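K.L.:
Starting off with a structure, shown below.
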Ligand code: 9L3
Ligand code: MG
């Protein structure tokens, strides 16, 4: 079965949270929407909330979906939702670093190739189009 990966476009004060991957070696240093694989029997929503708690130490509220299924090079697909932080301050518990990117800074980090088109979609969404 195709692997489903979920990701969060966490927005606060008009800025987007980007996370720098620590592993595997071929992805290390690239920037992504935090998230991860959906466990067997787990809903996408629950997986997204769980991953954000594990990776960032925050509780999120899940908002609208960003596009449909975004293909990843691994053959899995990424499903992304806009999210907001309900409690906690994000920390890089499993990433190398975190950054809040303003509108003018969205492309200042080397996004993973699979995540880059999603940044454009989030940008359109932030612009209200
Ligand atoms: N992946 C790509 N972009 C993302 C996320 C959350 C994940 N925004 C890719 C990296 C891994 C796979 O999906 O190859 C599973 O992610 P994780 O469970 O290792 O975070
Ligand atoms: Mg992850």
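Here, each number is a calculation from the coordinates, and none is a lab measurement. Here the structure is a predicted model, which means the values were calculated and not measured. Glycine gets a Cβ as well: all are built from the backbone with ideal geometry, and neighbour counts include every protein chain shown.
K.L.:
Using a Förster distance of 22 angstrom, determine the FRET efficiency expected from the C-beta separation of residue 44 and residue 104, and round it to 0.05. Don't skip to the answer; put the middle values down first.
P.N.:
Working: r = 31 Å, r/R0 = 1.42.
Taking R0 as 22 Å, the efficiency between residue 44 and residue 104 is 0.10.
K.L.:
Right, here's the next one. How much length is gained on full extension from residue 15 to residue 127, taking 0.36 nm per residue of separation minus their Cα-Cα distance?
P.N.:
On the way: separation 112, 0.36 × 112 = 40.32 nm, distance 1.18 nm.
So the chain would gain 39.1 nm between residue 15 and residue 127.
K.L.:
Here's another thing I want to ask about it. Taking the simple approach of a point 7 Å from Cα along Cα-to-Cβ for both residue 73 and residue 86, what is their distance in nm?
P.N.:
For residue 73 paired with residue 86, the spin-label model returns 3.6 nm.
K.L.:
How fast does the range 55-98 diffuse by Stokes-Einstein, in µm²/s, taking the Kirkwood radius from C-alpha pairs at 10 °C and 1.306 mPa s? Write out the running numbers ahead of the final one.
P.N.:
Numbers: Rh = 12.2 Å.
Using the Kirkwood radius from Cα pairs, D works out to 130 µm²/s.
K.L.:
Suppose each label sits 7 Å from its Cα in the direction of the beta carbon; what would the residue 54-residue 22 distance come out to in nanometres?
P.N.:
For the pair residue 54/residue 22, the computed spacing is 1.3 nm.
K.L.:
Considering every Cα-Cα pair within the chain, what fraction, in whole percent, is farther apart than 26 Å? Present the calculation step by step, with values, prior to reporting the outcome.
P.N.:
Numbers: 918 of 8256 pairs.
Result for the distance tail: 11 percent.
K.L.:
Taking all pairs of different Cα atoms in the range 72-128, averaging 1/r and flipping that mean, what Kirkwood radius in angstroms comes out? Each step should come with its number before you reach the end.
P.N.:
Details: mean 1/r = 0.0746 Å⁻¹.
Averaging 1/r across every pair of different Cα atoms and inverting gives 13.4 Å.
K.L.:
What percentage of all Cα-Cα pairs in the range 31-90 are separated by more than 13 Å?
P.N.:
Working: 1118 of 1770 pairs.
Of all Cα-Cα distances in the range 31-90, 63 percent exceed 13 Å.
K.L.:
Report the antiparallel proportion of the DSSP beta bridges in the chain as a percent, rounded to a multiple of 5. Spell out each step's value before the answer.
P.N.:
On the way: 20 of 28 bridges.
If we restrict to bridges inside the chain, about 70 percent are antiparallel.
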